[in-house]
Amino acid sequence: MKYAASTPAFDRALSVEIAASEQIRMRVLAGTLAILLLGDQLLFLFARETLAQFTGRLLPTWLPLKVFGPFLAYEIVTLVALRYRRARGRSMPTAARFANAVIATSLPTVILWWMNQCTSPLVTFGAWPTLLYFVFIVASTLRLDFAFPAFTAAVAAIISAIWEWHAGSSRSAPSWLIHSAMSARPR
């Protein structure tokens, strides 16, 4: 049995669903970023001494706003642009969706870079921001196209590998080696 090529009505309906799913994904990411910004900002305001124990120095209270603020602003502007386009019956161009994946997936790297400026690679790569790569890869499945989660995972892997190499090369031993040695140590 032969299957007919997709019809224009089906293509339009699929485009509408993809745009709606993209809007949900952007809302989830913007909400997650807002919660992370608020939580970290409260931590930097009210638990400065606890943070200083990990970093060996007091950190500026505005640091979470500097790290998360541009990404949150980007997600909000992109969400507004998508709403504008959807109201006019258009979806986001494919190139813009891929660029959005690269920008969003770079957030964990920026957080890790700032953490590495304040602590050691051992603390940095053992902290929660490394898990954000997973969140962005899972969120990319809402794009309803296999290519986007695969692309997001590849971007995350490449960025993470470059970052790991860079952070490891600036120390006496690579951070993955330090982490492996510390986790294999008898307790």
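Remarks
- Count of residues meeting criterion [assigned to a helix (DSSP H, G or I) and small (Gly, Ala, Ser)] in the stretch 57-91: 4
- Failed item, numbered, when residue 82 is tested on (1) over 13 Å from the mean Cα position of the chain (by Cα); (2) at pLDDT below 85; (3) hydrophobic (A, V, I, L, M, F, W, C); (4) surrounded by 19 or more Cβ atoms within 10 Å (Cβ to Cβ): (2)
- Scanning the stretch 112-158 for residues that are under 11 Å from the mean Cα position of the chain (by Cα) and aromatic (Phe, Trp, Tyr), we see that the one that is modelled with the lowest pLDDT is 136.
- Residue in the stretch 38-49 that is within 22 Å of residue 147 (Cα to Cα) and either modelled with pLDDT of 85 or more or surrounded by 14 or more Cβ atoms within 10 Å (Cβ to Cβ) (or both) present: no
- Residue check: residue 101 meets all listed conditions (1) surrounded by fewer than 15 Cβ atoms within 10 Å (Cβ to Cβ); (2) part of a helix (DSSP H, G or I); (3) among the small types (Gly, Ala, Ser) but one, namely (1).
- Residue 57 being within 22 Å of residue 141 (Cβ to Cβ) and either at pLDDT below 90 or surrounded by 14 or more Cβ atoms within 10 Å (Cβ to Cβ) (or both): no
- Taken together, the criteria exclude residue 88 from residues that are at pLDDT 90 or above and more than 14 Å from the chain's Cα centre (by Cα).
The values are calculated or read from the model by the stated rules, or taken from the named source; none is laboratory data. Treat the numbers as computed from the prediction; the structure is a model and nothing was measured. All Cβ positions, even for glycine, are placed from backbone atoms using ideal geometry, and neighbour counts span all protein chains on display.
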